1. So, ALA173, is that one farther than 17 Å from ALA127 by Cβ, in contact (Cβ under 8 Å) with a residue 12 or more places away in the chain and not hydroxyl-bearing (Ser, Thr, Tyr) or not?
2. Inspect region 322-329 for any residue being under 18 Å from LEU257 (Cα atoms), under 29 Å from the mean Cα position of the chain (by Cα) and either surrounded by fewer than 19 Cβ atoms within 10 Å (Cβ to Cβ) or not β-branched (Val, Ile, Thr) (or both) and give the result as yes or no.
3. Just checking, does region 234-246 include any residue being closer than 30 Å to PRO349 by Cβ, crowded, with 16+ Cβ neighbours inside 10 Å, of a type in the set (A, V, I, L, M) and free of Cβ contacts under 8 Å to residues at least 60 places away in the same chain?
4. Among the residues of region 128-146, which ones are surrounded by fewer than 14 Cβ atoms within 10 Å (Cβ to Cβ) and modelled with pLDDT of 85 or more?
5. Could you list all residues from region 248-262 that are in contact with a strand residue (DSSP E or B) (Cβ under 9 Å, 6 or more places away or on another chain) and in contact (Cβ under 8 Å) with a residue 12 or more places away in the chain?
6. Would you call PHE223 closer than 15 Å to ASN2 by Cα and aromatic (Phe, Trp, Tyr)?
7. Which residues, taken from region 200-233, are exposed (fewer than 14 other Cβ atoms within 10 Å of the Cβ) and over 29 Å from PRO158 (Cα atoms)?
8. Residue pairs, Cβ under 9 Å, 6 or more apart or interchain, first in region 316-334 and at pLDDT below 90, second among the aromatic types (Phe, Trp, Tyr). List them.
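The values are calculated or read from the model by the stated rules, or taken from the named source; none is laboratory data. Since the structure is predicted, the reported quantities are computational estimates derived from the model, not experimental observations. Cβ atoms come from the backbone with ideal geometry, glycine included; neighbour counts cover every protein chain shown.
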Amino acid sequence: MNIHEYQAKELMTKFGVANPPGGVAATAEEAVQVARSLNTKDLVVKAQIHAGGRGKGTFTNGFKGGVKLCTTPEEVGELAGKMLGQTLVTAQTGEAGKLVSKVLVAQSKDIARELYFAIVLDREAQAPVVIVSQRGGVNIEEVAEHHPEDIMRLRIDPALGMQPYEARKLAEALDLKGDLLKPAVKIMSALYTCFIETDCSLVEVNPLVVTKGNEVMALDAKFNFDDNAMFRHPDILAYRDITEEDAREVEASKFGLNYIGLDGNIACLVNGAGLAMGTMDIIQYAGGKPANFLDVGGGANEQQVTEAFKILVSDKNVKAILVNIFGGIMKCDTIAQGIINAVKAVSLPVPLVVRLEGTNVAAGKKLLEESNLPIIAADDLADAAKKVVAAAKK
């Protein structure tokens, strides 16, 4: 789960991470009120979407830049009015862009240095890893490609947590010494505490800045959370903005389905994440392009299968569907009956290829054959991929 920048600021403030004061607004009038409450001439207005590159983005109304500096509340209101209700297109949103429904109005800072700080969950190391660089304010991928020597990584023992000496080591790597050392250590320790206590998978502060007034602050932050842990954090789950998510993925989550939309034209319905990945690979190998990842799980019922089909056919790019089931906990005859009921309920507008294997496979295939529905049976996965790619081209 992702959150907006203004929500990240709220979370950082809660955990004691220094960041510029500000507030969120959904209208130009609210933006003016927030600006007046800040009582400063140093102001910035930021469009709130789940994507980076906002400052270099362009709105579909022709207005350029989703991050603007200004000096008066009236100017804040004018800029907010040009952003709100408009679609912002950035390098990360794709051509479709994202609708801006809120803006962050905050105090701007005179920046002396821009740094990079992040905590990620490294599965190979089986521990949180802190990544820092003195080259902040740009994509860390560019730094990694062109200046890998400028990136420092530090594994944190999950049993001990971040120790003070480790925070000082990271601060020194960022050349935060003297009067800057203590506030830098405080920010890093607070961010690590936030990372652990809220079940984050990523905390990225870019940039972490040193201001001309000799302050250390988190100027912008990105948080990702482990979806499977959100039952422990209803306060963070309340931050979820479903308008920023794929409508199909939101619908799938209501029925316990693991769905991710892609840009191909062959839809997949599979039980098991590993098998789903293999199915997508073999479709690609056969010359096709998968339209989604969809894992219905090992114990899916008929309702889940029906809802899965509804989600698949809602994608107008889909030209064919491949169902690939290996019966284990979910028996083949059960899934076959679910497929039959789903096809009848949805009235599939595209060809359907089904490959069944595993427990009660004979009974499952018999049900499909006797259904008199236009279902294309496949003998194995390679045969299924070949048939679904051919069907999608008709």
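1. Against the criterion (farther than 17 Å from ALA127 by Cβ, in contact (Cβ under 8 Å) with a residue 12 or more places away in the chain and not hydroxyl-bearing (Ser, Thr, Tyr)), ALA173 qualifies.
2. yes
3. no
4. Within region 128-146, none qualify.
5. ARG248, GLU249, GLU251, ALA252, LEU257, ASN258, TYR259, ILE260, GLY261, LEU262
6. Against the criterion (closer than 15 Å to ASN2 by Cα and aromatic (Phe, Trp, Tyr)), PHE223 qualifies.
7. LYS212, GLY213, ASN214
8. CYS332/PHE326
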